[in-house]
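The values are calculated or read from the model by the stated rules, or taken from the named source; none is laboratory data. Every value quoted in this text rests on a predicted model; they were computed, and no experiment measured them. Here the Cβ is made from the backbone with ideal geometry for all residues, glycine too, and neighbour counts use every protein chain on show. Just so you know, the surface numbers come from the protein's heavy atoms only, side chains and all, with ligands and any DNA or RNA stripped out. Shrake-Rupley method; radii C 1.70, N 1.55, O 1.52, S 1.80 Å.
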Amino acid sequence: MLNIILLGPPGAGKGTQAKRLVEERGMIQLSTGDMLREAKSSGSEMGRRVAEVMDRGALVTDEIVIGLIEERLAGSDGAGFIFDGFPRTLPQADALGQLLDRLGQKLDAVVEMQVDDAALVARITGRFTCGSCGEVYHDVTKPTKVRGVCDVCGSTDLKRRADDNEDALKQRLMEYYKKTSPLIGYYYAKGKLATVDGLAEMDEVSVAIRKVLDKP
Ligand code: AMP
């Protein structure tokens, strides 16, 4: 059973690759972004508190996201966890190490998905997803076959994220470089880091990630 982190800036393809691993291997995707968006749309007290922070592309507090991960880890059992969008700060990384220790589990690999900034802007500003099955699309590179209808599940509930616009993206990139990118060095020093080219074709990226996972 493998536990991995997908690390990379917004738009690197973490969510897309995580979904593939869920389908192929029955791993459990733990996306703090998805959990926070759920909280936001449920209108819960916590959702209301984080909505404004998320919409402008800033990070929510470590306490909140660590709490979310702790809850999910305790209640889940499967063929390993994919941490997608978590950890994003050094305190979150330390907390994850402690949580896994407590469960008698370890982190097997941290896959850094490398992409250049110019590509991110283009990827993110055209992005939309199916609100029903979570399939990810793009206006230019991956439109739906029939306009307004999800190819996978037929739903017409296609959505754009409130923070997938240029201003919020600038803030998200800044947060990434200031607070998240130090994790690359942190996990390198722990001997866990593997880097893949996130700009390659989606299938090639999947192959590169599989290689990391299947390394003896
Ligand atoms: P994502 O879907 O991973 O791009 O996350 C969307 C937004 O949720 C981020 O821009 C943050 O506002 C918030 N968020 C998600 N994960 C974290 C995290 N680990 N730490 C702090 N904020 C987070």
Taking only region 133-176 into account, find how many residues are part of a strand (DSSP E or B) and more than 15 Å from the ligand (Cβ to nearest atom). 6
Does any residue in region 113-131 that is on the phi > 0 side of the Ramachandran plot and in a helix (DSSP H, G or I) come within less than 7 Å, Cβ to Cβ, of a residue that is of a type outside the set (Gly, Ala, Ser) and at pLDDT below 90 six or more places away or on a different chain, and which pairs are these? none
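Out of region 137-150, which residues are touching a residue at least 12 places away in the same chain (Cβ under 8 Å) and open to solvent by 70 Å² or more (accessible area, probe 1.4 Å)? Steps first, please.
Going through region 137-150, the residues touching a residue at least 12 places away in the same chain (Cβ under 8 Å) turn out to be 137-141, 144, 150.
Matches in region 137-150: ASP139, VAL140, THR141.
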Exactly one of (1) near the ligand (Cβ under 10 Å from one of its atoms); (2) more than 16 Å from LEU7 (Cβ to Cβ) is unmet by ARG88. Its number? (2)
Would you confirm whether any residue within region 71-79 is over 16 Å from LEU100 (Cα atoms), open to solvent by 20 Å² or more (accessible area, probe 1.4 Å) and within 13 Å of the ligand (Cβ to nearest atom)? no
Among what's in region 14-53 and is open to solvent by 60 Å² or more (accessible area, probe 1.4 Å) and among the hydroxyl-bearing types (Ser, Thr, Tyr), pick the residue that is farthest from the ligand (Cβ to nearest atom). SER42
State which residue is farthest from ASP163 (Cα to Cα) when the search covers only region 88-128 and only residues that are of a type in the set (S, T, N, Q) and open to solvent by less than 40 Å² (accessible area, probe 1.4 Å). GLN92
